[in-house]
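Throughout, read-outs are computed from the coordinates displayed, never taken from laboratory work. Being a predicted model, the structure only gives us computed values, none of them experimental. Glycine gets a Cβ as well: all are built from the backbone with ideal geometry, and neighbour counts include every protein chain shown.
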Amino acid sequence: MIIVHHLNNSRSQRVLWLLEELAVDYDVKRYQRDAKTMLAPAELRKVHPLGKSPVISDGDLTLAESGAIIEYLADRYGNGRLAPPAGTSGRLRYSYWIHFAEGTAMPPLLLKLVFDRIEKAPAPFFVRPIARAIANRAKGTFVQPNIDRNLDYMEAELGNSNWFAGNEFSAADVQMSFPLEAAAARGGLDSRRPRLMAFLERIHARPAYRRALERGGNYELMR
Ligand SMILES: N[C@@H](CCC(=O)N[C@@H](CS)C(=O)NCC(=O)O)C(=O)O
């Protein structure tokens with residue numbers, strides 16, 4: 001039986017969603033973020049040394065890193081569904097978006113979260129304006145321009161096909177859901193990018209997505 005080590009409000013939500021799309025049986029072991037630091041509990045380090053989520057176990061296998069998990073599950077349990085055949089150009093495109101989600105789309109969104117927190121964090125009065133000025137400058141010169149460029153690129157790509165890896169829904173769309181949801185929560189994604197908004201609407205309407213929300217519990221991305 002597959003076990004998903006699931007942290008609330010996190011990337012592991014999309015692993016639950018993929019398993020629901022594939023109609024594979026699984027168990028969810030839930031972990032709660034620390035309310036103050038938002039970090040995962042130390043208990044998760046017993047499953048994988050980095051203590052991050054998602055991690056899955058499947059028999060003797062323990063696998064971390066959402067992209068690797070998504071690829072593994074689609075290949076192992078998909079029976080040809082949700083992933084283009086190996087060696088095709090569609091497969092390369094699929095692989096590109098799976099890597100893009102964590103390798104390119106997420107880093108500036110994570111920086112945005114960090115700098116927003118620095119701006120709001122309590123600090124001695126003489127440090128506060130300096131911390132704010134640095135955070136503001138980093139966001140304005142580097143973070144937001146990179147988020148915007150990524151969003152423009154993704155918006156344009158969805159003008160070429162219905163889904164990221166082509167006209168068929170695939171596990172790459174599951175992997176891409178998290179950066180787009182994070183961008184809607186804190187990166188400025190809104191109706192100015194109608195294809196990306198329509199993508200979010202379409203995935204949120206999928207029955208498997210909704211079932212996964214029930215299995216995972218609360219899913220509210222950090223702002
Ligand atoms: N690139 C990794 C990132 C894993 C990651 O940072 N997960 C976050 C949840 S969204 C986490 O576990 N955060 C809690 C912590 O760092 O303690 C992946 O895609 O799996």
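Observations
- Whole-Å distance, taken between Cα centres, linking region 174-223 and region 96-130: 20
- Gyration tensor (Cα) of region 93-199, equivalent ellipsoid semi-axes in angstrom: 32, 12, 10
- Tilt relative to the chain, helix 13-22 - C-alpha long axis, 0 to 90 degrees, to 10: 20
- Helix axis angle, 89-100 relative to the chain longest principal axis, alpha carbon, degrees: 30
- Here the Gaussian network model covers the chain, with springs between Cα atoms less than 10 Å apart; of R14, R192, R81, R192 fluctuates the most.
- Among I98, I130, I70, residue whose mean-square fluctuation peaks in a GNM of the chain (springs only between Cα atoms under 10 Å): I130
- Three-way shape label, region 37-134, alpha-carbon gyration tensor, a/c 1.5: oblate
- DSSP-defined antiparallel bridges as percent of all bridges, the chain, nearest 5: 60
- Shape of the chain, Cα gyration tensor, a/c cut at 1.5: oblate
- For the set K52/K139; K46/K139; K29/K120, the pairs lying more than 31 angstrom apart at their alpha carbons are K46/K139; K29/K120.
- Placing dummy labels 7 Å off each Cα toward the beta-carbon, the span from R137 to A35 is 3.7 nm.
- Prolate/oblate/rounded label for region 149-208 (Cα gyration tensor, a/c 1.5): oblate
- Within the chain, helix-based [θ] at 222 nm, where runs of 4 or more DSSP H residues each add -39,500 (n - 2.57), nearest 500: -15000 deg cm²/dmol
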